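Undergrad: One structure is given below, represented as structure tokens, and several questions about it will come after.
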């Protein structure tokens, strides 16, 4: 058997940018061919971007995708790259007119074969039964005497199906749009290894990378042998062209990143691509001196450069001096565009006119800050960032149209405990690279406070964060009921209070901006619950 | 053959309120039995409410539903109602542990039979593949010598399937949770008539009514004969117990409502149930003197009573006198709790501090109004209503965190043209009933204006509404592409402008409050598009 060289092109596509994605493909094929590859595989729905959601149902978009495939094939041929076999994801149309999640195999300037995804995920963040018809035919390519099987993403995850019907092959190529979540790398590797064992052939897994609204694709493409050995691997959250010769021994692998690093760069990637792919260059956010805004601003600086981050200190009469100092220090560390805008004159106008008290009055402060941020976003053509974390989202501990304003929420899927962990990780990362730790130690160490009244701290209204996050993890991510939570030993009053907060905050979550999913269950399309619901866990006997 | 009496119990359930829904069931069975019924059929997922979305996946909720069925069966038996056969929708669990959309047949205090929905809709607003396993067994009941087939909603819509396998039956009972949309009544009747012809047996269709977040169920239960004759029918948007003797001739039918009336009451139902089922009694909204806020306030008064509607006039230096007069007149007609809160002092404070100009400055006015509305909502425990219409949603012609604030948006699925039509309809309806038309003629007749700068009218920024709404209907509801729109004769510049506005406003729509779906395609879960997308129809050659 010959040992054809395969290239896995881990690229960052953009949804809807058929021309731009096509250009990325041509450039990658040229580089792969320069390195001797005879087969180049791209991620799932390369040409259209992924996921396209209901765009798949638009006939004009289907036609544009079909033209895009022809254009790429013709361009490859005209540029002398037509002898390379290219496996490209795109939007197809089945014989009955329904759209499919398709791979086209380009060779010699034409579409030599096609494959439609068999297994359509329709759980979690996926809605593929909604938009795609399922394929039924397998696909095996003959490349320089080697038989190479091809499937798309979910096809590999299901027992049986096209993988089981491949017969004798020399390698299986899987093209993927697999969103990042903490710990998923191990699951993928384990599963691909199992399939390799079943097939007695290596599995080459190429994954998309980049941010798309609330999803982040991490790349981390790899090749695994039937005995479970990783034969080749690409780093996460960056472009890569992973070369592998069918039948070759293990080569050098990409260095592994620990989970904190992965989660951090996932958030940065999601934030950067949201800004860049939507055509802006700047963000604006409030800097309270607290940990959430400090981490969000640091991520923003890592994503688009500190000079493109407008950080606004918006002190009130309740703001402590250290808060202002911490915000100022952070902005200096990041090289951010730092502004100070006291809220007192506007709050005084509202107070005089409306005369509100209690929570309604506290909300005025948060909403004046939201208006300042949005005013700057509008006048400076910047995206506003909401700095709420997952714990706040879960419990509704935020002011609608106040601190919740924004186009994107980079911390949305990080609970408070994780916000602290990542802040410490980011500072340690700086130290390890001989840089100044960006986040002031005081922002990490002090008790969190919304500073909406004198001496207020979060723990006046919420259980201690360590406990709260544990209960939330069990209730939200693991969908445990009240009975299970009590059986695990959590205090009854705490459980009832937390569950009630979560259930009542659904309407706030619905209006919250998108943010990068980094856990197994993020708020958003991962967890679809009615707003109007009288269901309370408490009614269980 | 005997002619057993069947009762179709058209009730308004609430999602998650298993005990409350169970009580409604027992009361309805008692009334049905008093009227001689031997079989009572309830709507789809009666006991749990519908749709329950991901609540279906919670084991604690599954257990509660199972207990709820046992409780209802036992209560019916203990109250001497056990001799009636009751067909009840609920959440089931299949042998493999996955949830199902189930009907249970109660008789003599126990579950005599079950039926799991075969066909799971996974398009439009439906996500049933996500949460349910499909049933495979048919269900035919023997009731007093009659053979009664039973299916659930979508099962009737698909060719073949359980309906085709029924054999000889005397009637088919279909239990439904079918959301209202304009014109759907005819589609249902036509389809049920076709199935009746195929079966050579009448079809008895019982539908849920009431609002659930962005869905409104209209009821309109009916029985149709094999020859297409309607044998019995219930009115829309209200409780009904529709009695029908198997084999009987047509009885008196519910009076038909025209589409304007149906759409109007659908919005009122959606609004009322959102408020009531979420436990509040009051709403607050801005009254600008314009047509949108006038119609929204009138709907609110019809939903929960004028005295529970807080209407706030928030004049600025740009507000015309007639605007204030129109708002005052409207509030008087509705008996609303009318307030006046000028925005000038707060706007002046923002102007002095931020010095914004152009759209950013205009947004300040809208956002100060939003803050006033939210301040009142917080302090008076009322839901804020957003008064935006579908045309505004489509084009992004609204200020985020300004006029877009609110818990619910009753006009969300009505385009501007429809807002005028319904306003005229509502006034004519009042006149026909000898009442004062609620909406001031001036609010209907004057050119729409946001009044954010001197002399501003909407048509400065947007094409004429009649044209705009036509283009939007073709592009959004019918998913036509640019090529199709131009082929239909629309002006190219208008088409490109409108399409660009729609595509760029997706992020605003994501943060908008829910509102009742009344058309075939509402913004929200009916139309799932990426925010980040470089797809533009314009790239088509």
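The values are calculated or read from the model by the stated rules, or taken from the named source; none is laboratory data. The structure presented is a predicted model; accordingly, all values stated were derived computationally and were not measured. All Cβ positions, glycine included, derive from the backbone under ideal geometry; neighbour counts span all protein chains shown.
Undergrad: Which residues, taken from region A:44-67, are part of a loop (DSSP other than H, G, I, E, B) and touching a helix residue (DSSP H, G or I) at 6+ places or on another chain (Cβ under 7 Å)? Reasoning before the result, please.
TA: First, pick out the residues of region A:44-67 that are part of a loop (DSSP other than H, G, I, E, B): A:44-52, A:58.
Scanning region A:44-67 gives A:46, A:47, A:48, A:49.
Undergrad: Out of region A:369-391, which residues are crowded, with 23+ Cβ neighbours inside 10 Å and free of Cβ contacts under 8 Å to residues at least 40 places away in the same chain?
TA: Result: A:370, A:371, A:374, A:375.
Undergrad: May I ask you to verify whether residue B:348 is without any contact (Cβ under 8 Å) to a residue 12 or more places away in the chain, part of a helix (DSSP H, G or I), within 14 Å of chain A (Cβ to nearest Cβ) and more than 22 Å from residue B:421 (Cβ to Cβ)?
TA: yes
Undergrad: I need the full set of residues from region A:480-493 which are within 21 Å of residue B:55 (Cα to Cα) and touching a residue at least 12 places away in the same chain (Cβ under 8 Å), in order please.
TA: Within region A:480-493, A:481, A:482, A:483, A:485 meet the criteria.
Undergrad: Also, quick follow-up: Suppose we filter region B:332-345 for residues that are more than 8 Å from chain A (Cβ to nearest Cβ) and not in a loop (DSSP other than H, G, I, E, B); how many remain?
TA: 8
Undergrad: Please verify whether region A:152-175 includes one or more residues that are within 14 Å of chain B (Cβ to nearest Cβ), in contact with a strand residue (DSSP E or B) (Cβ under 6 Å, 6 or more places away or on another chain) and either surrounded by fewer than 21 Cβ atoms within 10 Å (Cβ to Cβ) or closer than 30 Å to residue A:520 by Cα (or both).
TA: For region A:152-175, residues within 14 Å of chain B (Cβ to nearest Cβ), in contact with a strand residue (DSSP E or B) (Cβ under 6 Å, 6 or more places away or on another chain) and either surrounded by fewer than 21 Cβ atoms within 10 Å (Cβ to Cβ) or closer than 30 Å to residue A:520 by Cα (or both): absent.
Undergrad: Hey, another quick one. Run down A:509, A:536 and say which single residue is in contact with a strand residue (DSSP E or B) (Cβ under 9 Å, 6 or more places away or on another chain) and either at negative phi or in contact (Cβ under 8 Å) with a residue 40 or more places away in the chain (or both). I'd like the intermediate steps shown before the answer.
TA: Values: A:536 fails: in contact with a strand residue (DSSP E or B) (Cβ under 9 Å, 6 or more places away or on another chain).
Residue meeting the stated conditions: A:509.
Undergrad: Look at region A:471-497 and say how many of its residues are over 27 Å from the mean Cα position of the chain (by Cα) and not in a loop (DSSP other than H, G, I, E, B). Spell out the reasoning first.
TA: Of all residues in region A:471-497, those over 27 Å from the mean Cα position of the chain (by Cα) come to A:481-497.
Those still in the list that are not in a loop (DSSP other than H, G, I, E, B) too: A:482-487, A:492-497.
Matching residues across region A:471-497 total 12.
Undergrad: So, residue B:43, is that one under 22 Å from the mean Cα position of the chain (by Cα) and away from chain A (no Cβ under 14 Å) or not? Step through it out loud before you land on a result.
TA: Working: under 22 Å from the mean Cα position of the chain (by Cα): yes; away from chain A (no Cβ under 14 Å): yes.
Answer is yes for this residue.
Undergrad: Something else about it: Tally up the residues in region B:353-371 that are within 7 Å of chain A (Cβ to nearest Cβ) and part of a helix (DSSP H, G or I), please. Spell out the reasoning first.
TA: Residues of region B:353-371 that are within 7 Å of chain A (Cβ to nearest Cβ), as a first pass: B:353-354, B:356, B:359-360, B:363-364, B:367, B:370-371.
Now drop any that are not part of a helix (DSSP H, G or I), which leaves B:353-354, B:359-360, B:363-364, B:367, B:370-371.
Total satisfying the criteria: 9.
Undergrad: Output yes when any residue across region A:460-467 is over 21 Å from the mean Cα position of the chain (by Cα), closer than 28 Å to residue A:180 by Cβ and assigned by TED's automatic domain parsing to the domain that holds residue A:383, and no when none is. Give the steps one after another, and end with the answer.
TA: Initially, region A:460-467 is screened for residues over 21 Å from the mean Cα position of the chain (by Cα), giving A:460-467.
Now drop any that are not closer than 28 Å to residue A:180 by Cβ, which leaves A:465-467.
The next check asks that each one be assigned by TED's automatic domain parsing to the domain that holds residue A:383; those that pass are none.
For region A:460-467, residues over 21 Å from the mean Cα position of the chain (by Cα), closer than 28 Å to residue A:180 by Cβ and assigned by TED's automatic domain parsing to the domain that holds residue A:383: absent.
Undergrad: Going through B:219, B:270, B:236, B:228 one at a time, which residue ends up being at pLDDT 95 or above, at positive phi and buried (at least 24 other Cβ atoms within 10 Å of the Cβ)?
TA: On the way: B:270 fails: at positive phi; B:236 fails: at positive phi; B:228 fails: buried (at least 24 other Cβ atoms within 10 Å of the Cβ).
Answer to the check: B:219.
Undergrad: Also: If residue B:518 passes every condition in (1) closer than 17 Å to residue B:477 by Cα; (2) in contact (Cβ under 8 Å) with a residue 40 or more places away in the chain; (3) within 13 Å of another protein chain (Cβ to nearest Cβ) but one, which one does it miss?
TA: Unmet for residue B:518, out of (1) closer than 17 Å to residue B:477 by Cα; (2) in contact (Cβ under 8 Å) with a residue 40 or more places away in the chain; (3) within 13 Å of another protein chain (Cβ to nearest Cβ): (3).
Undergrad: Moving on to the next point. Which of (1) in contact with a strand residue (DSSP E or B) (Cβ under 7 Å, 6 or more places away or on another chain); (2) closer than 23 Å to residue B:214 by Cβ; (3) more than 9 Å from chain A (Cβ to nearest Cβ) is the odd one out, the single condition residue B:312 does not satisfy?
TA: Looking at each condition in turn, residue B:312 falls short on (2).
Undergrad: From (1) under 21 Å from residue B:448 (Cα atoms); (2) touching a strand residue (DSSP E or B) at 6+ places or on another chain (Cβ under 9 Å); (3) more than 10 Å from chain A (Cβ to nearest Cβ), pick out the condition that doesn't hold for residue B:307.
TA: For residue B:307, the failing item is (1).
Undergrad: Within region A:521-533, can you find the residues that are touching a residue at least 40 places away in the same chain (Cβ under 8 Å) and within 12 Å of another protein chain (Cβ to nearest Cβ)?
TA: Residues of region A:521-533 that are touching a residue at least 40 places away in the same chain (Cβ under 8 Å), as a first pass: A:521-527.
Passing the criteria: A:521, A:523, A:524, A:525, A:526, A:527.
Undergrad: Looking at region A:1-25, which of the residues that are more than 14 Å from chain B (Cβ to nearest Cβ) and within 29 Å of residue A:215 (Cβ to Cβ) is surrounded by the fewest Cβ atoms within 10 Å (Cβ to Cβ)?
TA: A:11
Undergrad: OK, next. Name the residue that is nearest to residue A:32 (Cα to Cα), counting only residues in region A:242-284 that are within 14 Å of chain B (Cβ to nearest Cβ) and without any contact (Cβ under 8 Å) to a residue 40 or more places away in the chain.
TA: A:276
Undergrad: Residues of region B:26-48 being surrounded by fewer than 24 Cβ atoms within 10 Å (Cβ to Cβ) and in contact (Cβ under 8 Å) with a residue 24 or more places away in the chain, which ones? Steps first, answer last, please.
TA: Let us first name the residues in region B:26-48 that are surrounded by fewer than 24 Cβ atoms within 10 Å (Cβ to Cβ), namely B:26-28, B:30-31, B:33-36, B:38.
Matches in region B:26-48: B:26, B:28, B:30, B:31, B:33, B:35, B:36, B:38.
Undergrad: Please tell me if residue A:487 is over 29 Å from residue A:267 (Cβ atoms) and surrounded by fewer than 19 Cβ atoms within 10 Å (Cβ to Cβ). Steps first, please.
TA: Numbers: over 29 Å from residue A:267 (Cβ atoms): yes; surrounded by fewer than 19 Cβ atoms within 10 Å (Cβ to Cβ): yes.
Yes, satisfied.
Undergrad: Can I ask one more? Taking region A:82-113, which residues are at positive phi and touching a helix residue (DSSP H, G or I) at 6+ places or on another chain (Cβ under 8 Å)? Show your work before the answer.
TA: The initial filter retains those residues of region A:82-113 that are at positive phi, namely A:97, A:108-109.
Answer for region A:82-113, where residues must be at positive phi and touching a helix residue (DSSP H, G or I) at 6+ places or on another chain (Cβ under 8 Å): A:108, A:109.
Undergrad: Are any residues in region B:62-85 more than 14 Å from chain A (Cβ to nearest Cβ) and within 20 Å of residue B:132 (Cβ to Cβ), and if so, which ones?
TA: Residues of region B:62-85 more than 14 Å from chain A (Cβ to nearest Cβ): B:69, B:72-85.
The one that is more than 14 Å from chain A (Cβ to nearest Cβ) and within 20 Å of residue B:132 (Cβ to Cβ): B:69.
Undergrad: Among (1) within 14 Å of chain A (Cβ to nearest Cβ); (2) surrounded by fewer than 17 Cβ atoms within 10 Å (Cβ to Cβ); (3) touching a residue at least 24 places away in the same chain (Cβ under 8 Å); (4) farther than 30 Å from residue B:371 by Cβ, there is one condition residue B:504 misses while meeting the rest; what is its number?
TA: (4)
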